[in-house]
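Just below is one structure, and these are the notes that go with it.
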Amino acid sequence: MEIAKQYQEKMEKIRIPPAHEAPIPFATWKELKKSMSQKYGQPLRYATHRILEDWDKSRVGTEEDNKPMDTIIPSNKAEAIIWGIEEIHRRCHSHLRLAKLWLSHPLADVK
């Protein structure tokens, strides 16, 4: 629990970057997440990673599952959605809930 609390406190201090005009090409939410972390030099919260992972999984079996995501939703809009989710997680996510998430789903690929 203490590690989750420290993580939460650290992430609360990281500011959401301002929007940029240059679009980031991406085929999956996971690719966009990785590109955003590289572009802005900051991590996304674990809970945000989980949501994006679920979104990628939810596409399997649809007519759109082989299309790159940036042909379905514009990059700047997708990025804004992620930053909105990230802001909610940074400001409103309990370290207790985070600890439960960690226990139920081990930290795998959050980079």
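The values are calculated or read from the model by the stated rules, or taken from the named source; none is laboratory data. No experiment lies behind these values; they were computed from the predicted model shown. Note that each Cβ is placed from the backbone with ideal geometry, even for glycine, and that neighbours are counted across all protein chains shown.
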Item checked: Failed condition for Asp54, given (1) assigned to a loop (DSSP other than H, G, I, E, B); (2) within 28 Å of Gln6 (Cα to Cα); (3) of a type in the set (Asp, Glu) -> (1)
Check: Name the residues in the range 21-51 that are surrounded by fewer than 13 Cβ atoms within 10 Å (Cβ to Cβ) and part of a loop (DSSP other than H, G, I, E, B), would you?
Finding: Glu21, Ala22, Pro25, Gly41
Check: Under the condition of being over 12 Å from the mean Cα position of the chain (by Cα) and among the aromatic types (Phe, Trp, Tyr), which residue from the range 26-66 is farthest from His93 (Cα to Cα)?
Finding: Phe26
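Results for (1) modelled with pLDDT under 90; (2) surrounded by 14 or more Cβ atoms within 10 Å (Cβ to Cβ), shown as yes or no for each residue.
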position	(1), (2)
Asp54	no, no
Glu64	yes, no
Ile82	no, yes
Leu98	yes, yes
Leu107	yes, no
Notebook entry, point to check: Filtering the range 1-20 down to residues that are within 16 Å of the chain's Cα centre (by Cα) and in a helix (DSSP H, G or I), which residue is surrounded by the fewest Cβ atoms within 10 Å (Cβ to Cβ)?
Noted result: Glu12
Item checked: Whichever residue in the range 84-96 is assigned to a helix (DSSP H, G or I) and surrounded by 14 or more Cβ atoms within 10 Å (Cβ to Cβ) and, among such residues, is farthest from the chain's Cα centre (by Cα) -> His95
Checklist line | Test: Ala47 is hydrophobic (A, V, I, L, M, F, W, C) and closer than 22 Å to Ile3 by Cβ | finding: yes
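Take Ile72 and tell me if it is out of contact with any Leu (no Cβ under 9 Å at 6 or more places or on another chain), among the aliphatic types (A, V, I, L, M) and within 22 Å of Arg97 (Cα to Cα). First the steps, then the outcome.
Values: out of contact with any Leu (no Cβ under 9 Å at 6 or more places or on another chain): yes; among the aliphatic types (A, V, I, L, M): yes; within 22 Å of Arg97 (Cα to Cα): no.
Criteria not met by Ile72.
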Checklist line | Residues (in contact with a Pro (Cβ under 7 Å, 6 or more places away or on another chain) and either free of Cβ contacts under 8 Å to residues at least 40 places away in the same chain or under 17 Å from Ile14 (Cα atoms) (or both)) located in the range 34-90 | finding: Ser37, Tyr40
